[in-house]
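J.: Mind having a look at this structure? Questions to follow.
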Amino acid sequence: MPGTAIHREWERFTLPQKLGRYALYLMAAIAVVWSFRTIEIIAEFLYDSPAQIADLFTRMWPMDWSYFGSAVWSSLVETMHIATLGTILSLGIAMPLGLIAARNLTPIPALNWFAHFLFVTSRSVNSLVWALLFVAVFGPGPLAGTLAIAFRSIGFVGKLFAEALEEANKGSIEALVAAGAPVRSQILMGYWPQVRPAFWSIALFRWDINIRESAVLGIVGAGGIGVALDTALNLLYWDQVAVVLLTIFVVVILAELVVTAIRQRVL
Amino acid sequence: MNAVTGTMTGSAQDARSLVIRDLVKEYRRGQPVLRGINLTLPGRGMTAIIGPSGTGKSTLIRCINRLVEPTSGQILFMGQNLAQLRGRQLRAARRRIGMVFQEYNLVERLTVMENLLSGRLGYVPVWRAWLRKFPQKDIDRAFELLDAVGLGQYATQRADALSGGQRQRVGIARAIMQEPDLILADEPTSSLDPKTSVEIMDILSALAGERDIPVIVNIHNVELAKRFAQRIVGMTGGKIVYDGPPDGLTDEDLRTIYGGEDWLNDRADG
């Protein structure tokens with residue numbers, strides 16, 4: 001009947017949902033206040049900081065370009081080697097682990113769990129800490145750095161590779177199973193074509209990250225451009241520090257450009 | 001047990017005949033999807049399984065090549081009980097059973113030729129698959145089949161560049177590549193338009209017919225089933241309620257299979 005419109009109620013959130021949301025906002029506010037109290041900001045140092053930064057920049061300028069030829073270039077090459085070898089090594093270890101971690105490919109929960117446990121272990125330890133461990137075992141130098149990069153990367157690469165495997169189209173695999181294909185043939189003709197773009201994307205992304213990470217490993221003696229940075233910092237040669245920082249910056253940007261260009265071709 | 005089973009049994013002497021006995025499948029305990037299926041299929045021709053959605057047609061067909069594990073019962077084919085095979089023996093049995101899927105199930109990023117050759121994966125060693133060094137006779141057969149399904153010039157195209165109908169042709173060719181003794185087709189036309197559906201059924205029935213391979217097809221479309229199959233099996237609620245020739249399928253039978261009758265009247269009006 002016209003004229004007897006009954007209004008039906010509609011609200012986006014129920015009352016408990018609203019209360020829950022307000023409680024969440026309140027908790028966020030408390031967390032921010034608490035954090036500020038914990039970090040103990042010393043007011044004098046805060047006021048002083050613009051002057052300090054200006055001072056730092058004046059010490060950095062003009063840059064000592066002779067340092068580039070004498071130390072930075074060779075350690076930069078070392079850094080690239082550490083990052084690249086570390087990435088390749090991590091791929092070699094992470095791919096088999098990824099096959100074990102993927103639940104669709106390895107329907108054994110204990111093995112999935114084991115592989116994921118290794119991934120978490122790898123990722124929960126910072127590459128600097130891995131480097132400290134390997135420096136203790138193998139002595140200072142690029143070997144420790146390469147292993148640190150590799151072990152830090154296993155978790156990242158393995159987890160993402162396993163996820164890519166789990167997202168592979170089940171139907172395509174089912175067809176190969178129905179044709180009587182053994183598991184290894186299923187992997188080569190069914191899974192691999194489907195995860196190949198993801199694989200290259202993960203590998204390049206990790207290589208990009210590893211260039212940045214391996215740049216600081218030298219601080220704990222694990223080789224690379226970080227050694228040059230550490231030396232200059234310890235001697236308070238800020239004009240040399242500036243050269244190293246600028247070099248790292250340029251290399252990271254170049255790596256980014258290379259990765260983007262390759263990725264566009266691969267995908 | 002099952003009264004309808006007797007109405008039409010193929011000669012069980014055929015080498016490629018299939019006998020299913022008391023097949024039960026429960027995905028959850030106490031809730032059977034298949035409630036004791038008894039079926040004897042001849043070693044040639046096309047059998048269509050019709051029935052409402054969710055009635056276990058797909059489960060039945062997938063129990064035959066063990067994509068779904070039967071809970072109990074026997075599936076006798078080529079002198080083996082398929083329901084009990086494991087490992088290597090199961091793989092050997094599977095490669096003699098081709099399958100065509102509703103969603104084609106090609107490996108989209110591989111070429112058409114690679115998809116066809118993947119039908120040979122049950123036969124060729126892993127290193128050959130890896131290096132794509134398939135035996136020349138497989139490659140020759142693949143080209144012949146591609147020509148037969150009208151995709152001769154698509155061999156090097158990636159499967160994801162094809163239309164639905166073209167993909168299903170590749171799917172059928174891949175099944176034939178297995179040199180199967182039986183082809184299972186699970187709703188092969190449900191994702192296709194009416195015209196393409198008929199073309200696909202034509203190709204399936206022709207390619208299988210030439211090679212005398214029996215085909216079991218799940219199909220929604222009753223008209224297509226009647227047109228192409230020599231035998232219709234009607235299922236409802238996990239049981240077979242009709243088993244006989246297409247001509248014998250009455251409106252009364254359809255009512256038993258699908259329930260209700262309004263939809264039949266609508267069809268008569270249209």
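Quick note: the coordinates plus some simple rules give every number you see, no bench work behind them. Everything quoted here is computed from the prediction, not taken from an experiment. Positions of Cβ are backbone-derived with ideal geometry, glycine not excepted, and every protein chain shown enters the neighbour counts.
J.: Check B:SER58 against each of (1) surrounded by fewer than 18 Cβ atoms within 10 Å (Cβ to Cβ); (2) within 14 Å of another protein chain (Cβ to nearest Cβ); (3) touching a residue at least 60 places away in the same chain (Cβ under 8 Å) and name the one condition it does not meet.
T.: (1)
J.: If you scan the stretch B:65-81, which residues turn out to be under 23 Å from B:ARG29 (Cβ atoms) and not in a loop (DSSP other than H, G, I, E, B)? Even if it seems obvious, please write down each step before you answer.
T.: Step one: filter the stretch B:65-81 for residues under 23 Å from B:ARG29 (Cβ atoms), giving B:66-75.
Across the stretch B:65-81, the qualifying residues are B:SER72, B:GLY73, B:GLN74, B:ILE75.
J.: Quick check on my filter: what residues within the stretch A:165-179 are in contact (Cβ under 8 Å) with a residue 60 or more places away in the chain and either touching a His at 6+ places or on another chain (Cβ under 9 Å) or aliphatic (A, V, I, L, M) (or both)? Spell out the reasoning first.
T.: Of all residues in the stretch A:165-179, those in contact (Cβ under 8 Å) with a residue 60 or more places away in the chain come to A:165-166, A:168, A:170, A:173.
Across the stretch A:165-179, the qualifying residues are A:LEU165, A:ALA168, A:ILE173.
J.: With the condition being buried (at least 21 other Cβ atoms within 10 Å of the Cβ) and within 14 Å of another protein chain (Cβ to nearest Cβ), I'd like the helices (runs of 4 or more DSSP H) fully within the stretch A:179-251 carrying at least 1 qualifying residues.
T.: Details: elements: A:183-186, A:192-216, A:225-234.
Correct list: A:183-186, A:192-216.
J.: Related question: Can you name the number of the only condition in (1) more than 30 Å from A:LEU143 (Cβ to Cβ); (2) assigned to a loop (DSSP other than H, G, I, E, B) that A:ALA31 fails?
T.: (2) is the only condition that A:ALA31 fails.
J.: I'd like to check which helices (runs of 4 or more DSSP H) are fully inside the stretch B:122-189 and have at least 1 residues that are more than 14 Å from chain A (Cβ to nearest Cβ), surrounded by 17 or more Cβ atoms within 10 Å (Cβ to Cβ) and touching an Asp or Glu at 6+ places or on another chain (Cβ under 9 Å).
T.: Working: elements: B:126-131, B:136-148, B:164-177.
Ranges flagged: B:136-148, B:164-177.
J.: Looking at B:ARG28, B:ARG16, B:ARG44 in this structure, which one is farther than 20 Å from B:ALA225 by Cβ and surrounded by 16 or more Cβ atoms within 10 Å (Cβ to Cβ)? Walk me through how you get there before you give the answer.
T.: Values: B:ARG28 fails: surrounded by 16 or more Cβ atoms within 10 Å (Cβ to Cβ); B:ARG44 fails: farther than 20 Å from B:ALA225 by Cβ.
One residue alone meets the criteria, B:ARG16.
J.: I've got another one for you. Would you call A:VAL129 farther than 27 Å from A:VAL250 by Cβ and within 12 Å of chain B (Cβ to nearest Cβ)? Explain how you work it out, then say what you get.
T.: Numbers: farther than 27 Å from A:VAL250 by Cβ: yes; within 12 Å of chain B (Cβ to nearest Cβ): no.
For A:VAL129, the condition - farther than 27 Å from A:VAL250 by Cβ and within 12 Å of chain B (Cβ to nearest Cβ) - is not met.
J.: Whether any residue in the stretch A:37-46 is surrounded by 12 or more Cβ atoms within 10 Å (Cβ to Cβ), without any contact (Cβ under 8 Å) to a residue 24 or more places away in the chain and of a type in the set (Lys, Arg) is what I want to check. Talk me through it step by step, then tell me what you get.
T.: Kept after step one, since they are surrounded by 12 or more Cβ atoms within 10 Å (Cβ to Cβ), are these residues of the stretch A:37-46: none.
There is no residue in the stretch A:37-46 that is surrounded by 12 or more Cβ atoms within 10 Å (Cβ to Cβ), without any contact (Cβ under 8 Å) to a residue 24 or more places away in the chain and of a type in the set (Lys, Arg).
J.: Considering the stretch B:96-121 alone, what residues qualify as being within 9 Å of chain A (Cβ to nearest Cβ) and of a type in the set (Ser, Thr, Tyr)?
T.: If the condition is that a residue be within 9 Å of chain A (Cβ to nearest Cβ) and of a type in the set (Ser, Thr, Tyr), then B:TYR104, B:SER118 are the ones that fit.
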